[in-house]
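Chemist: Below: one structure in structure tokens.
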Amino acid sequence: MFKKIIWLLIFSIFILSGCGGKNSVNLYEYIIQKDNVIVGISFDSKPFGFKDTDGQIKGLEADLAKEIVKRLLGSEDKVIFKNVNAQDRINAAKSGDVDMVISTMTITPQRKKQINFSNPYFIAGQVICVRKDSKIDSIYDLMNKRVIVELGTTGEKNIKRFIPNALIQGYNNNFDAMESFKSGFADAITTDDSLLQGLVAENQEYLLLPGKLTKEPYGIAFRKSKDTKSFKKRVNEIIKEIKSDGTLIQLKDKWGIN
């Protein structure tokens with residue numbers, strides 16, 4: 001017990017001081033010592049990550065995190081969830097506030113300059129949702145129309161590229177974006193199909209425009225450092241196991257995700 005406390009104190013000192021090089025602490029070894037994994041996850045991105053009415057964090061990514069931690073430390077109860085939104089996901093990974101981020105985060109070349117990613121665990125695609133009576137049949141009908149996006153996402157960047165004349169309405173989190181659209185404050189909302197499929201399934205007055213604008217591979221994010229490489233390697237091994245033994249398919253089926 002005393003040895004574990006000393007190890008945690010040493011790691012905290014190096015994280016706070018931003019030390020690197022020879023004095024850095026290997027994240028994988030540190031996680032084994034502290035016997036838990038702090039995971040950054042969205043609390044409002046149903047069905048991937050959300051806080052349910054019972055106060056529990058649920059969803060595909062919550063279950064994925066639990067499965068990884070169970071195979072890593074022997075129990076899913078050793079995961080600690082910390083809420084992150086689209087704007088602070090990268091900073092959370094970079095700062096060391098969390099050990100990893102699992103939050104519908106698309107792997108992009110720009111993001112890889114700042115943080116490290118695991119191999120993809122899910123492939124989504126950006127789509128556009130409108131009301132059935134809107135007379136909007138394609139992306140080209142959105143010129144000068146109000147389109148809701150979640151700020152800090154690839155969806156925001158892509159819609160500005162595909163529809164430069166769209167009137168963008170940005171929100172800081174997925175919940176506010178969805179509620180604004182449902183309240184009629186815009187003509188359309190765009191994000192990944194994995195998030196909008198649930199909205200359409202629960203509301204018969206909405207539909208998804210045909211076709212996907214992009215291909216969005218989701219990855220787990222880590223601090224960009226040689227000290228996280230062994231942990232990322234082990235997480236990649238577990239992702240491979242989860243895919244090959246059918247666990248990932250079971251989780252997708254559980255949450256109704258294609």
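The values are calculated or read from the model by the stated rules, or taken from the named source; none is laboratory data. All values reported here derive from a predicted model rather than from experimental measurement. Virtual Cβ from ideal backbone geometry, glycine too; neighbours counted across all protein chains shown. In case anyone asks, the SASA skips ligands and DNA or RNA and just uses the protein heavy atoms, side chains included. Shrake-Rupley method; radii C 1.70, N 1.55, O 1.52, S 1.80 Å.
Chemist: Per-residue HN-Hα couplings for segment 131-137, Karplus 6.51 cos²θ - 1.76 cosθ + 1.60 at θ = phi - 60°, whole Hz, x for Gly and Pro?
Modeler: For segment 131-137, the Karplus curve yields 7, 4, 8, 7, 6, 9, 10 Hz.
Chemist: Size of the dipole of segment 75-220 about the Cα centre, Lys and Arg at +1 and Asp and Glu at -1 on the beta carbon, nothing else charged, in debye to 20?
Modeler: Numbers: 18 positive and 18 negative charges, 126 e Å.
Its charge dipole is roughly 600 debye.
Chemist: May I pose another question? Over the chain, what is the mean sequence separation of C-alpha contacts under 8 Å (at least six apart), divided by residue count, expressed as relative contact order in percent? Don't skip to the answer; put the middle values down first.
Modeler: Values: 441 pairs, mean separation 62.8, N = 258.
Result for the chain is 24 percent.
Chemist: Where the centroid of each part is defined by its Cα atoms, how far is segment 185-204 from segment 77-149 in Å?
Modeler: Here the answer is 14 Å between Cα centres.
Chemist: Where does the charge balance sit around residue 239 when Lys and Arg score +1, Asp and Glu -1, over other residues with C-beta under 13 Å from its C-beta?
Modeler: +1
Chemist: Sticking with this one: Rounded, prolate or oblate: which one fits segment 123-219, using the alpha carbon gyration tensor with axes a ≥ b ≥ c (rounded when a/c is under 1.5, else prolate when a/b beats b/c, else oblate)?
Modeler: Details: a/c = 1.21, a/b = 1.09, b/c = 1.11.
Judged from the Cα gyration tensor, segment 123-219 comes out rounded (a/c under 1.5).
Chemist: Counting Lys +1, Arg +1, Asp -1, Glu -1, what net charge surrounds residue 254 among other residues with beta carbon under 11 Å of its beta carbon?
Modeler: Result for the neighbourhood of residue 254: 0.
Chemist: Take the residue pairs 112/215; 94/229; 51/113; 78/113; 46/132 and return only those whose Cα atoms are more than 25 Å apart. Walk me through the numbers on the way to the answer.
Modeler: Values: 112/215 17 Å; 94/229 14 Å; 51/113 31 Å; 78/113 30 Å; 46/132 23 Å.
With Cα atoms farther than 25 Å apart: 51/113; 78/113.
Chemist: Next question, about the same structure. Could you work out [θ]222 nm for the chain from helices alone, using -39500 (n - 2.57) per DSSP H run of at least four and dividing by all its residues? Round to the nearest 500 deg cm²/dmol. If you can, show how the numbers build up before the last one.
Modeler: Working: 10 runs with 101 residues, N = 258.
It lands at -11500 deg cm²/dmol.
Chemist: Something else about it: If you take every DSSP beta bridge fully contained in the chain, what fraction is antiparallel? Give it as a percent rounded to 5.
Modeler: Percent antiparallel among DSSP bridges in the chain is about 60.
Chemist: Given a 1.4 Å probe and heavy atoms of the protein chains only, how would you sort 234, 89, largest accessible area at the top?
Modeler: Result, largest first: 234, 89.
Chemist: With springs only between Cα atoms under 10 Å apart, run a GNM on the chain and tell me which of 103, 230, 42 wobbles the most.
Modeler: 230
Chemist: May I pose another question? With every protein chain kept in place and ligands, DNA and RNA left out, what is the accessible area per residue of the chain? Probe 1.4 Å, answer in Å².
Modeler: Per-residue value: 50 Å².
Chemist: Ok, one more. Here are a few candidate values for Cα extents along the principal axes in Å: (i) 66, 35, 32; (ii) 66, 64, 30; (iii) 101, 38, 26. Which one was actually calculated from the structure I just gave you?
Modeler: Checking each listed value against the structure points to (i).
Chemist: Which residue, 84, 119, 57, has the largest displacement toward the positive end of the dipole of segment 57-128 when charges sit on each Cβ (Lys, Arg +1; Asp, Glu -1)?
Modeler: Farthest towards the positive end: 119.
Chemist: Still on this structure: Would you please give the residues with an amide H less than 5 Å from that of residue 166, counting only those at least 5 places away or on a separate chain, with H modeled from the backbone geometry?
Modeler: So residue 166 has HN proximity to 144.
Chemist: Counting Lys and Arg as +1 and Asp and Glu as -1, what is the net charge of the other residues whose Cβ lies under 11 Å from the Cβ of residue 187?
Modeler: Summing Lys and Arg as +1 and Asp and Glu as -1 gives +3.
Chemist: Share of the chain's accessible area from carbon and sulfur, percent, 1.4 Å? Write out the running numbers ahead of the final one.
Modeler: Working: 6630 of 12820 Å².
Carbon with sulfur: 52 percent of the solvent-accessible area.
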